[in-house]
Amino acid sequence: MNMTAVFLWLACLLLSFTLQAQNNIDGLRIWPSPANTRLVFDLSDSPEFSYFTLSNPERLVIDIANTSNKFNFSGVDNQSDLVKKLRYSTPKDKNAIRVVIELSKKLETTVFSLPPTAPYNDRLVVDISDDKQAPAIVLDAKTASSDRDIIVVIDAGHGGEDPGSIGSAGSYEKDVTLSISKYLENMINSEPGMKAIMTRTGDYYISPNKRPEIARKHKADLLVSIHADAFVTPQPSGASVWVLSMSRANTELGRWMENTEKHSELLGGAAEIIQDTASERYLTQALLDMSMDHSLTTSYDLSRDVISQLKSITKMHKKVPQAASLAVLTSPDIASILVETGFISNPGEEKNLNNARHRQNIARSIFDGVKKHFKRIPPDGSLWAQLKKDHRTHQVRSGESLSLLAQRYNVDVDRLKKANNLRTDVVRIGQILTIPQT
């Protein structure tokens, strides 16, 4: 090989290396939540970066090495109250870019990179939080009075960077779960003596470990996590209800769900998952807590009540409660269930899950199951517990009518109907009626 050929070969090799080493911003997504905002830069390669903050005005400055500034920030939808603007500034060298994020005020910031995780490539994630806007921890509602509301925390699975499972028609699990959760929220808040709290109210990510913390902060009596199932083949169908397993899942579907939850953590880009090497120790300690016995028993009983309602409006994949080791269910002092509303990977069920009436029916079934359980076993200190203590019951026998029973127990017919949620004067033999105190 002559010198000219060698030179050309080296030049081509150098050019090839330069082209391969050049990074690019391929996209940007901004996910606002009530007290936080997450910015996700889609990159063509793993980023080499550094960052610092400036004040007056408040800015976060990120330097990304060997990257072009061809991406236009002005076309990105930004509904965050914390981020005013994104722009480029003069980089520290000609092969780098400098991204300036103008902030609305002094805020906490974290920047980290994530490796490719389907459906995404390399990403640079910026978490911006406003501690002053974080919801205040509520008072202990369970001991504040004897007529408190029953607190149900509703957890819409996935969100933001984590779409959850994706159906063949392009449906995102995160959208289905949020819709059903909002229907359930309205039903619970319309029921006297009950109150719903959502872990997320919009399209943003919360790590699985944070969701039970929200329930604990609000002194919840129950955490209901809403999901839509998926599998590697389109054939499986039907809803199911899951509780915490003290060991690993012993079914193929349970193991699939456990792996899916870990994948969601990577998709969501939770910095605490990457940085906290003690998370397994925390879960182990929580599982060993003696109060877990009561919450597990309650969770199992409640899941059976929900299944009894769900099976009347949809096919059940499993007719008894299932168990898996899922982080969202690990609150040691709170009953927790996870409802898989159907298989989004099944084309027929994907179509159903995109139907508003079907979503409402799913929410209604979950609500009726939860209500049935708490009517039978109301939490201590709740209004329902007080009402049950103050009320008697009567089993309807042949020849008895509502007006006859009202006369016998010296109560108004209207009060008797209200106490039993009756819309007509018709009662059936064997029916258990609550008799209010005179």
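The values are calculated or read from the model by the stated rules, or taken from the named source; none is laboratory data. Computed from a predicted model, the values in this text were never measured in an experiment. All Cβ positions, glycine included, derive from the backbone under ideal geometry; neighbour counts span all protein chains shown.
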Residue list for the range 380-398, restricted to those being out of contact with any strand residue (DSSP E or B) (no Cβ under 6 Å at 6 or more places or on another chain) and more than 15 Å from Ile432 (Cα to Cα): Asp380, Leu383, Trp384, Ala385, Gln386, Leu387, Lys389, Asp390
Any hit, the range 75-87, residues being of a type in the set (A, V, I, L, M, F, W, C), over 20 Å from Leu103 (Cβ atoms) and surrounded by 15 or more Cβ atoms within 10 Å (Cβ to Cβ): no
Selection within the range 383-404 - in a helix (DSSP H, G or I) and touching a helix residue (DSSP H, G or I) at 6+ places or on another chain (Cβ under 7 Å): Trp384, Leu402, Ser403
Single residue of the range 339-364 satisfying the filter (within 19 Å of the chain's Cα centre (by Cα), within 30 Å of Asp147 (Cα to Cα) and of a type outside the set (Lys, Arg)) that is surrounded by the fewest Cβ atoms within 10 Å (Cβ to Cβ): Gln360
Test result for Asp380, surrounded by fewer than 16 Cβ atoms within 10 Å (Cβ to Cβ), at pLDDT below 95, out of contact with any helix residue (DSSP H, G or I) (no Cβ under 6 Å at 6 or more places or on another chain) and acidic (Asp, Glu): yes
Unmet criterion (only one of (1) assigned by TED's automatic domain parsing to the domain that holds Met198; (2) at pLDDT below 95; (3) closer than 24 Å to Ile344 by Cα) for Val176: (2)
Which numbered condition Ile188 misses (of (1) without any contact (Cβ under 8 Å) to a residue 24 or more places away in the chain; (2) under 22 Å from Lys219 (Cα atoms)): (1)
